[in-house]
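First the structure, in the form of structure tokens, and then the observations on it.
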Amino acid sequence: MARVIAADRLSANAEGFETSAADEVDAEWRLYIGQGVAVLKTLREPDIVMANAGDADVWHAMVAAALVDFDGDPSQD
């Protein structure tokens with residue numbers, strides 16, 4: 001997720017100015033980990049449409065597992 005955010009900021013195909021941003025994204029994506037974690041935290045609980053489309057418990061477990069990689073215990077928020 002952090003790589004996508006970095007690419008969005010840097011690439012001329014999005015909000016950036018670099019016509020070839022791959023090297024810049026590789027160098028800077030870690031600067032966007034906090035923003036990626038914030039998005040994951042927002043997605044922890046599926047909305048009603050998402051929950052009706054699949055297993056909400058599985059979704060929650062998957063997002064929680066991703067957050068553990070960055071934050072430790074996701075239940076502490």
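At-a-glance table
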{"item": "In segment 11-33, residue farthest from PHE70 (Cα to Cα) [restricted to those that are assigned to a helix (DSSP H, G or I) and among the aromatic types (Phe, Trp, Tyr)]", "result": "TRP29"}
{"item": "Positions within segment 53-69 being surrounded by 15 or more Cβ atoms within 10 Å (Cβ to Cβ), out of contact with any Lys or Arg (no Cβ under 8 Å at 6 or more places or on another chain) and within 29 Å of LEU10 (Cβ to Cβ), in sequence order", "result": "ALA66"}
{"item": "Residues being modelled with pLDDT of 90 or more and outside any helix (DSSP H, G or I) - total across segment 47-77", "result": "2"}
{"item": "Tally, over segment 22-52, of residues that are loosely packed, with under 12 Cβ neighbours inside 10 Å, charged (D, E, K, R) and more than 17 Å from ASP8 (Cβ to Cβ)", "result": "1"}
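The values are calculated or read from the model by the stated rules, or taken from the named source; none is laboratory data. On a predicted model such as this, the values are computed, not experimentally measured, just so you know. Methodologically, a virtual Cβ is constructed for each residue, glycine included, from the backbone with ideal geometry; neighbour enumeration extends over all protein chains shown.
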